[in-house]
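Let me begin by presenting the structure, written as structure tokens, before commenting on it.
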Amino acid sequence: MTELGDLATRLAALPPSLGPVRLVAVDGHAGSGKTTFADRLAAELGDAPVVHLDDLATHEEPFGWAGRLHDQVLAPLARGEDGAYEVYDWTLRRFGEVRAVPAAPVVLVEGVGAGRRAVRPVLAQLLWMDLDAASANARGLLRDGPELAAFWQGWIRAERAHFAADPSRPHADLAVDGITGRIVRCTHGEHPSPS
């Protein structure tokens, strides 16, 4: 079995953390490989649903999505019901299409801040993409091109402020190398109490 396949097996065997669901967060700096890793892991889990936090963030509130995530996704899943959230259109600057989130055995939430204080109590596992902020942000800027350079500068400031106030990395159960995708660190034990 591959390392990713082994991780998928272990995640699926965890006790449910939110109603019938094992909620797994993939967090890390912008550009660290969260989306790619989450999509690969979802495939190993038999096409597990993935909630992309970029779909819940907005230009005005890059980290103001906790209420939307709770109301549209977490609360329904806790009741054993499917969730559904409105997707933010970054071009039109408004919420548009609605995306379903089935109450599957494992649901992934990926994005910067996925392991934030407000979400940690309902996580079965928190994965941290281990790539330093400067390298991750440079990769993201290269990916998105010079036309988004001003947006990236604002984003980097917002991300830095978010992680200073509400760090995820110290609470991670596993770290994943942001370049190779290999699991590089594992800590065991209970999730710390929210602080």
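Sequence-distant contacts, meaning Cα pairs under 8 Å at least 6 residues apart, place the relative contact order of region 65-108 at 31 percent.
What does the charge add up to near R117, with Lys and Arg as +1, Asp and Glu as -1, over the other residues with Cβ less than 15 Å from its Cβ? Let's see the in-between values first.
Details: positive: R116, R120, R169; negative: D27, D166.
Surrounding charge for R117 is +1.
Extension gain, A138 to Q153, is 4.3 nm, computed as 0.36 nm per intervening residue step minus the present C-alpha separation. Across the chain, the relative contact order, built from alpha-carbon pairs under 8 Å that are at least six residues apart, equals 30 percent. Of A164, V119, A175, which is farthest on the positive side of the dipole of region 3-186, counting Cα position, with +1 on Lys and Arg Cβ, -1 on Asp and Glu Cβ, and the Cα centre as origin? Value computed over the given set: A164. Under a Gaussian network description of the chain, with springs only between Cα atoms under 10 Å, the residue in L108, L14, L23 that fluctuates furthest is L14.
Overall, region 3-186 carries a charge dipole of about 420 debye about its Cα centre when +1 sits on the Cβ of Lys and Arg and -1 on the Cβ of Asp and Glu, all other atoms neutral. One chain, two ends: D177 and D54. Fully extended at 0.36 nm per residue, the span grows by 42.1 nm beyond their Cα-Cα distance.
At 222 nm, what helix-only mean residue ellipticity would the chain give, in deg cm²/dmol to the nearest 500, using -39500 (n - 2.57) for each DSSP H run of four or more? Intermediate results must be reported in sequence, preceding the final value.
On the way: 6 runs with 58 residues, N = 195.
About -8500 deg cm²/dmol.
Rounded to the nearest whole Å³, what is the per residue volume of the convex hull around the Cα atoms of the chain? Here the figure is 114 Å³ per residue.
Bear in mind that the values in this text are calculations on the coordinates, not laboratory data. Nothing here was measured: the structure is a model prediction, and the numbers come from that model. Please note: Cβ atoms are built from the backbone with ideal geometry, for glycine as well, and neighbour counts cover all protein chains shown.
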